[in-house]
1. Among the residues of region 108-116, is any out of contact with any Leu (no Cβ under 8 Å at 6 or more places or on another chain) and at pLDDT 80 or above?
2. Is it true that residue 406 is at negative phi and touching a helix residue (DSSP H, G or I) at 6+ places or on another chain (Cβ under 6 Å)?
3. For region 73-100, how many residues are at pLDDT 75 or above and either within 27 Å of residue 204 (Cβ to Cβ) or crowded, with 19+ Cβ neighbours inside 10 Å (or both)?
4. I'd like to verify a number: residues in region 396-420 that are open to solvent by less than 30 Å² (accessible area, probe 1.4 Å), within 18 Å of residue 450 (Cβ to Cβ) and not in a loop (DSSP other than H, G, I, E, B), how many?
5. Can you name every residue in region 346-369 that is touching a strand residue (DSSP E or B) at 6+ places or on another chain (Cβ under 7 Å) and of a type outside the set (D, E, K, R)?
6. Quick one: in region 279-311, which of the residues that are open to solvent by 60 Å² or more (accessible area, probe 1.4 Å) and without any contact (Cβ under 8 Å) to a residue 24 or more places away in the chain is farthest from residue 260 (Cα to Cα)?
7. Name the single residue that is farthest from residue 72 (Cα to Cα) among those in region 27-41 being surrounded by 15 or more Cβ atoms within 10 Å (Cβ to Cβ) and among the basic types (Lys, Arg).
8. What pairs come out if I take residues in region 223-246 that are touching a residue at least 12 places away in the same chain (Cβ under 8 Å) and pair them with residues that are polar (S, T, N, Q) and open to solvent by 50 Å² or more (accessible area, probe 1.4 Å) whose C-beta lies under 7 Å away, six or more apart or interchain?
Amino acid sequence: MAVLVVVLFVFKGIFTYLGSYLTRWAGLQAVRDLRADLYARIQRQSLAFFSDHPTGNLISRVVSDIGRLQRLASDNLADVFRLGAIVIGQAAWLFYLNVRLASFCLILLPLVVYPVVRLGTRLKATSRRSQERMGEAVDVMKEGITGTRVVQGFGMEDFEIRRFRKALDRIQSAEMRAARLVSVTSPVLELVGAIGVAILLFHALLRIHSGKLSAPEVLTFIAALFMIYASIKNLVKINNDVQQSMAAAQRVFQLMDLPNRIQERPGAAELPPFRDRIEFRDVHFAYGKAPVLRGIDLVVPAGTVVALVGSSGAGKSTLVNLLPRFYDVSEGAVLIDGRDVRDATLGSLRRQIGLVTQEVILFDDTVRNNIAYGRSDVPMETVAAAARAAHAEGFIEALPRGYDTTLGEAGHRLSLGQRQRISIARAIVKDSPILILDEATSSLDMESEAEVQRALQNLMTGRTVFVIAHRLSTVRRADVILVLDAGRLVERGTHPELLARKGLYARLHALQFRDDRPAAEASVL
């Protein structure tokens with residue numbers, strides 16, 4: 001017997017360990033997969049999606065909401081199966097002891113279930129509000145951290161701290177409501193249980209008095225009933241966690257179920273290498289009900305440098321964003337070599353388009369990995385050649401570890417001009433036949449702009465280029481200049497032709513240079 005006791009506890013320890021470990025492993029794996037799937041879903045959404053969903057809210061759903069599901073998936077799920085089995089077994093035991101009293105308990109069951117369901121519903125709604133407030137707080141924190149330079153420049157540290165504290169207060173208010181509901185559950189359940197037991201005792205005493213039941217039978221039944229009540233009480237506690245987790249799950253799957261506005265058509269084919277022309281055919285586009293582009297007709301032969309100018313909000317960026325399908329046209333079509341871009345796979349379309357924007361996006365990685373970006377097959381010689389062509393080799397080699405130097409978050413260890421040249425080197429490595437330059441030099445000083453312009457000249461060689469620029473001095477040498485106004489293409493021509501026409505372009509040019517001497521021909525365009 002002594003040996004048997006030891007053996008039994010050895011086996012108990014092994015199976016307890018395996019049960020706990022494997023349950024947690026399954027829960028952690030499920031949470032990991034859910035986070036990965038949600039992030040993948042977010043990454044594949046269109047630009048319009050990110051306009052509608054603040055970054056902090058998205059981070060909160062990936063990190064905080066799914067974090068709430070982890071306990072449900074690992075600990076609570078195992079307890080539900082264990083306690084559920086105990087309740088079923090104990091219920092069967094109650095019916096074995098006395099069918100009539102057990103049936104009477106079933107009549108009293110709604111008395112226990114109703115308050116639990118009612119409180120659970122309110123807890124779920126309160127938890128959802130708490131998670132929404134958490135998303136707002138993360139958004140406030142993100143803005144304060146990413147905008148540190150402006151915050152400190154305006155001396156608004158205390159203001160941002162107060163903003164964050166108010167956001168935390170809103171979270172706490174929602175969490176306190178949830179805490180009140182969780183705290184009241186146990187007393188309510190105990191009160192309801194006491195009422196149920198009192199009714200059961202009254203019924204049992206009547207049967208004892210009539211001689212249909214003995215006192216020992218009642219005591220045995222009530223002792224078994226208290227055992228099942230303890231398991232139900234634990235299940236109710238788990239139910240509180242489940243309700244809070246369900247609110248998180250609802251927010252997560254609400255995001256997962258959102259359709260992607262940019263989707264490949266069934267049977268979409270690979271787009272062949274660009275050779276001939278790009279065409280915008282009667283293109284209309286609207287954000288919601290607000291029209292942005294109206295009836296754009298345009299043909300761009302391969303190898304052409306096209307400049308897009310116009311006042312803010314004229315539709316310049318929107319027009320070029322239709323080419324890689326960051327948005328889809330509302331009416332009309334965008335065609336590459338006569339093929340509608342909506343009939344091509346997104347991967348094959350976007351591989352043929354390079355992008356350099358005013359807002360330079362670099363990653364907290366090495367210089368080499370930022371230039372090669374996601375491509376481990378790019379040899380070091382190609383990376384170095386791209387850096388030379390982008391006029392970036394000099395400052396890269398001066399860094400502490402050269403191409404293996406980590407740039408930090410958003411590349412803030414570099415100047416803006418240096419960051420822009422890294423992004424140009426990245427576009428050179430991509431080697432796409434179509435290039436979009438969206439205000440690529442508008443934020444630079446004169447010296448940095450000259451360096452970036454020389455790098456852009458190397459990048460543009462042999463490519464079809466769309467240039468968006470507010471500074472008209474940078475587009476003088478474009479093959480064709482398109483002037484947009486209120487979403488319409490109102491003028492097109494070369495720089496001298498548009499000046500001679502004395503239209504909108506000439507007015508914009510006069511406004512920019514009325515206080516300056518004519519700008520030197522320093523532009524590469």
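1. No, region 108-116 contains no residue that is out of contact with any Leu (no Cβ under 8 Å at 6 or more places or on another chain) and at pLDDT 80 or above.
2. Considered against the rule, which asks whether it is at negative phi and touching a helix residue (DSSP H, G or I) at 6+ places or on another chain (Cβ under 6 Å), residue 406 comes out as no.
3. Total meeting the criteria: 16.
4. Final tally of qualifying residues: 2.
5. 352, 353, 354, 355, 356, 357, 358, 366
6. The qualifying residue farthest from residue 260 (Cα to Cα) is 299.
7. Across region 27-41, the extreme among qualifying residues is 41.
8. none
The values are calculated or read from the model by the stated rules, or taken from the named source; none is laboratory data. For clarity, every value in this text was computed on a predicted model and none was experimentally measured. Reconstructed Cβ throughout: ideal geometry from the backbone, glycine too, with neighbour counts over all protein chains shown. Note: accessible area is taken over every heavy atom of the protein model, side chains too, but ligands, DNA and RNA are not part of it. Shrake-Rupley method; radii C 1.70, N 1.55, O 1.52, S 1.80 Å.
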